[in-house]
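One structure below.
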Amino acid sequence: MDQPFISVVIPAYNEERNIGACLKSLKAQNYSGQWEIIVSNNNSTDRTAEIAREEGATVIFEPQAGVIFARQAGADKAQGEIIIQTDADTVYAAGWLNRIIETFNKHPEAVAVIGSFKFFDGPWWGKAFSGILFGITNVIYKLNGKMVYIPGANTAFKKKFFHGYDLTLDQGGDEVALLKSLKKEGKIIFLRNNAVLTSARRLKKGLLYNIFVILIYYYIFDYTFRRLTGRSLATAFPRIREKDKAAKQS
């Protein structure tokens, strides 16, 4: 099996409660090729960067607030032939990286390999939502070979086909805009069963909030307006803050 150099890029803002488990599960991967973990510290005020260094990750600092800027900074630092974007509140099965690379080797024409995610916490409807989301994605993919969605937590792409994130976008630039860009470059493979486990922290505000505010307002309305005008009518996409996580733990 070809074993290309892999760069796993993780944006992180105040993730001291999650980054340790994330990095430990990455270090337990059974991939025998060369790879690196880059944590893009996005103005954290807690021990995120310290813990990441203790776990052996390369830590860089990105002062511009926003996941899209943190992902871009990490991608700029990446040395790998394959860049994998994921999240700090996510954990991975031991064979996750191997399955990605095996798929690239089986389909050398592929520019990207996309996985799914499952929530390891949160409300029942959140777990049902992820199943429905990737079920629909998989049906469409099986019917016409087209991807309609990629997750920020489980997307791998060849660096040579990556032309940078759209920094005019806040939320959606690392998903919707990246998918559009990768589609222009060639074939995208979907591995529904190569799932990662991620936190449902954003779902705590309820189903209606996530439908009308997160999905419709940020992902659809503001994303479209930004693409058309280069400006946003929304405030910055809400970040998970330390007090939110503290409330969850209490």
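Rule-based calculations on the coordinates, nothing more; no lab input. Keep in mind that this is a model prediction, so the values were computed, not measured. For neighbour counting, all protein chains shown are included, and Cβ atoms are generated from backbone atoms with ideal geometry for every residue, glycine included.
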Which listed residue, of Phe117, Phe104, Phe129, is part of a strand (DSSP E or B) and either in contact with a Lys or Arg (Cβ under 9 Å, 6 or more places away or on another chain) or among the hydrophobic types (A, V, I, L, M, F, W, C) (or both): Phe117
Criterion violated by Ser40 - all others in (1) within 26 Å of Gly95 (Cβ to Cβ); (2) crowded, with 16+ Cβ neighbours inside 10 Å; (3) out of contact with any Pro (no Cβ under 8 Å at 6 or more places or on another chain) satisfied: (3)
Residue count for region 141-160, restricted to those that are surrounded by 15 or more Cβ atoms within 10 Å (Cβ to Cβ) and part of a helix (DSSP H, G or I): 2
Region 185-195, residues that are assigned to a strand (DSSP E or B) and farther than 15 Å from Gly126 by Cβ: Lys187, Ile188, Ile189, Phe190, Leu191, Arg192, Asn193, Asn194
Filtered residues of region 1-51 (kept if among the hydroxyl-bearing types (Ser, Thr, Tyr) and farther than 17 Å from Ala153 by Cα): Tyr31, Ser32, Ser44, Thr45, Thr48
Subset of region 131-140 that is among the aliphatic types (A, V, I, L, M) and either touching a Ser or Thr at 6+ places or on another chain (Cβ under 7 Å) or under 17 Å from Ala200 (Cβ atoms) (or both) - its residue that is surrounded by the most Cβ atoms within 10 Å (Cβ to Cβ): Leu133
